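Encoded as structure tokens, the structure appears first; notes follow it.
The values are calculated or read from the model by the stated rules, or taken from the named source; none is laboratory data. Keep in mind it's a predicted model, so treat the numbers as computed, not measured. Reconstructed Cβ throughout: ideal geometry from the backbone, glycine too, with neighbour counts over all protein chains shown. These accessible areas exclude ligands, DNA and RNA; they are computed on the full protein's heavy atoms, side chains included. Shrake-Rupley method; radii C 1.70, N 1.55, O 1.52, S 1.80 Å.
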Amino acid sequence: MALFTEQLFADHLTLPYPEAAVVGDAYYAAPVPDLPLRLRIDFAPTIYAGRYDGLRLQVVHLGQGPIDTAVLRFAEYGAFEVRDRRRGKKPGQDGYGTVTDWNHSEHAPWVGINVIRLRAAIDQYVRLWIPGAPPVRTGPPPLTAPVPQARTSPTRTR
């Protein structure tokens, strides 16, 4: 898939829901398996075909259908701030804070995404609508394992 959706959710957003799957370009999860509420996340389309400016979150009740929908815009959460600055793009310019699946390269269009603030917003949304959902880790991923510190103690004298 041109958007590499599974990689985005598995390797970058790393949401803590054990009952989850990516189907097509959407992520589905049961944050609390005993509740009839499900989470669906996909890319939020713009008026241009193949261009997306955020993630669309939806809470769906198994018997009643969609309950609520929210869109987390990439620009509002600084997801591509570094990339856009490097490209010389500013807010309001064409392509700022968006991804496209126009070119079918081997690289995901969202490479370099900063998901820290998106993760925090997803956590807030899910925990509002789905009580008992496990919290999302909202900090940056650990870079390396902690290095053990050498202990120093005064030397003993006889």
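Here are the numbers for the structure shown:
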| item | result |
| --- | --- |
| The range 91-116 residues that are closer than 15 Å to I47 by Cβ and touching a residue at least 24 places away in the same chain (Cβ under 8 Å), paired with ones that are open to solvent by less than 20 Å² (accessible area, probe 1.4 Å) and outside any loop (DSSP other than H, G, I, E, B) (beta carbon under 7 Å, 6 or more apart) | G97/D84 |
| Residue in the range 97-115 that is polar (S, T, N, Q), open to solvent by less than 80 Å² (accessible area, probe 1.4 Å) and within 21 Å of R137 (Cα to Cα) present | yes |
| Set Y125, Y28: member being under 18 Å from the mean Cα position of the chain (by Cα), open to solvent by less than 30 Å² (accessible area, probe 1.4 Å) and closer than 20 Å to Y17 by Cβ | Y125 |
| Residue in the range 62-70 that is farther than 27 Å from H104 by Cβ, in contact (Cβ under 8 Å) with a residue 24 or more places away in the chain and among the small types (G, A, S) present | yes |
| Residues within the range 1-13 that are in a loop (DSSP other than H, G, I, E, B) and exposed (fewer than 13 other Cβ atoms within 10 Å of the Cβ), tallied | 1 |
| Within the range 74-93, considering residues that are within 27 Å of Q58 (Cα to Cα) and part of a loop (DSSP other than H, G, I, E, B), the one most open to solvent (accessible area, probe 1.4 Å) | P91 |
| Residues located in the range 32-42, provided they are in contact with a strand residue (DSSP E or B) (Cβ under 8 Å, 6 or more places away or on another chain) and either modelled with pLDDT under 95 or open to solvent by 20 Å² or more (accessible area, probe 1.4 Å) (or both) | P36, L37, R38, R40 |
| Test: residue in the range 7-23 that is over 21 Å from R137 (Cβ atoms) and either modelled with pLDDT under 95 or over 18 Å from the mean Cα position of the chain (by Cα) (or both) | yes |
